[in-house]
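Colleague: Below: one structure in structure tokens.
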Amino acid sequence: MKEIILFIYGLFVLAASCYVIFILSGPLKKVGGRIGKLLHLPEDVIASTFQAFATSGPEIVMAILAATPFITYETWKALELGEKAGSGTLNIVFSAMSNLLGIGAVAIIIMIKKGMVNKHEIIKVTSSVKISLIFYVLSSTLLFIFVMNKELDVIESWILMIIGIVYVFSQFFIPCIIKKFNNKTDINSEKNREEDIGAENSKYIVPPTAGAWVKDFSYNSFIYSFLIFGLIIFVREAMGASFRMAIVSIFSLGGVIIMFTSYISSFPEFMLTYRYAIANKKSALLGMLFGSNVIDLAFSGFRAIWIGSPMQIYSTGPYGNLLIFYILVIPVIAILALIGLCMRKIKFKIAYPLVIFYVLYIISGFILI
């Protein structure tokens, strides 16, 4: 009876974290958009950098906590240290799947149901979204290769981190990249870029003087940082709840993460995706999701970097050896998405089978790994 109560309490903590993240997601989008406007960035680039970093807060915090004494607390000493140490990485991996299939596909279905897009229409995206997807393919493929031996060493972790850093800078310089490699204007990209300008932030006027600009930038940066700090507090509680649920249930920590925790940490992406969906901002929506995943994967080996030695990646479920195949699914889908978007072969109706596959993915993972 005690175990059931503790498990339900863990679910309650995760639900409370969801609610708080829901409250924070609105201001995060607004402030991130204003910072981007101050830097004269287009909406799709803002979505794939500032918004992506903000929504990646829970995954990053969990990866950082896995490198601290937090995971050695007496409360959850029953769990293996190696499994707890790799929990941040597992959460990042499963959150990436939630972002791709669970959240992105559901958002597209919402847009179809509201009549914003035709399900038989081909998905067209801006160059910044394609670049985000290229980086996502690269980082997810490397992560799969690196963890085939159930470990992430320091060099491998730094490679993933550098890819994330390069990605962010590439997004800031996207206009220059496009100008250099594509002298001809892409009419569809320009159309999408115009669609993605948020009504609320487009009304925001950039201060004309340097002093006012610095004051406005400092204020919005402070609010942005404060909201991220709020995410940190509740992610810490959500991580602790996940550990308790794994202790008192028959499921492994990996199973709890894939079924519950990864969705909680992906909730900022879900809320911003929903806001972008109802505003019919297709490129901003996809750019934020792909960008968020790249930034998440950059921190997947943070523990190895912090402690200066390899970290283990495994699950203690009944079929924990299948974990590597669950990780493999992510780069495979990313590669197929990149090919399909570049060749303009993917239609919006693909969202329906993707959601079905996602449900099977998380349920089977919850039971098996």
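The values are calculated or read from the model by the stated rules, or taken from the named source; none is laboratory data. A quick note: this is a predicted structure, and the numbers were derived from the prediction, not measured. Counting neighbours? That spans all protein chains shown, and the Cβs are built from the backbone with ideal geometry, glycine included.
Colleague: Which ranges mark the helices (runs of 4 or more DSSP H) fully within segment 206-286 that have 2 or more residues being under 24 Å from Leu297 (Cα atoms) and of a type in the set (S, T, N, Q)?
Modeller: Helices (runs of 4 or more DSSP H) meeting the threshold: 210-248, 262-265.
Colleague: Look through Met62, Met111, Met97 and report the one residue that is surrounded by 20 or more Cβ atoms within 10 Å (Cβ to Cβ), out of contact with any Asp or Glu (no Cβ under 7 Å at 6 or more places or on another chain) and under 15 Å from Pro353 (Cα atoms).
Modeller: Met97
Colleague: Something else about it: What number goes with the only condition from (1) of a type outside the set (Asp, Glu); (2) touching a residue at least 24 places away in the same chain (Cβ under 8 Å); (3) surrounded by fewer than 15 Cβ atoms within 10 Å (Cβ to Cβ); (4) not in a loop (DSSP other than H, G, I, E, B) that Ser309 does not pass?
Modeller: (4)
Colleague: Then there is this: Would you confirm whether any residue within segment 120-131 is assigned to a helix (DSSP H, G or I), modelled with pLDDT of 80 or more and small (Gly, Ala, Ser)?
Modeller: Checking segment 120-131: not a single residue is assigned to a helix (DSSP H, G or I), modelled with pLDDT of 80 or more and small (Gly, Ala, Ser).
Colleague: Only one of these is without any contact (Cβ under 8 Å) to a residue 12 or more places away in the chain and either in a helix (DSSP H, G or I) or among the small types (Gly, Ala, Ser) (or both): Asn293, Asn321. Name it.
Modeller: Exactly one residue qualifies, and that residue is Asn321.
Colleague: Is there a residue being closer than 23 Å to Leu323 by Cα and of a type in the set (Lys, Arg) anywhere in segment 84-95?
Modeller: There is at least one residue in segment 84-95 that is closer than 23 Å to Leu323 by Cα and of a type in the set (Lys, Arg).
Colleague: Next question. Within the bounds of segment 218-229, is there any residue that is exposed (fewer than 12 other Cβ atoms within 10 Å of the Cβ), of a type in the set (Ser, Thr, Tyr) and either at negative phi or modelled with pLDDT under 75 (or both)?
Modeller: yes
Colleague: Could you list all residues from segment 134-159 that are within 12 Å of Val294 (Cβ to Cβ) and either touching a strand residue (DSSP E or B) at 6+ places or on another chain (Cβ under 8 Å) or surrounded by 24 or more Cβ atoms within 10 Å (Cβ to Cβ) (or both)?
Modeller: Of everything in segment 134-159, those that are within 12 Å of Val294 (Cβ to Cβ) and either touching a strand residue (DSSP E or B) at 6+ places or on another chain (Cβ under 8 Å) or surrounded by 24 or more Cβ atoms within 10 Å (Cβ to Cβ) (or both) turn out to be Phe135, Tyr136, Ser139, Ser140, Leu143.
Colleague: Here's something else I'd like to know. Can you tell me how many residues within segment 225-243 are farther than 16 Å from Ala63 by Cβ and in contact with a Lys or Arg (Cβ under 9 Å, 6 or more places away or on another chain)?
Modeller: Count: 0.
Colleague: Which residue out of Ile307, Ile330, Ile339 is of a type in the set (Val, Ile, Thr) and either within 21 Å of Ser127 (Cα to Cα) or at pLDDT 95 or above (or both)?
Modeller: Ile339 is the lone residue from the list that is of a type in the set (Val, Ile, Thr) and either within 21 Å of Ser127 (Cα to Cα) or at pLDDT 95 or above (or both).
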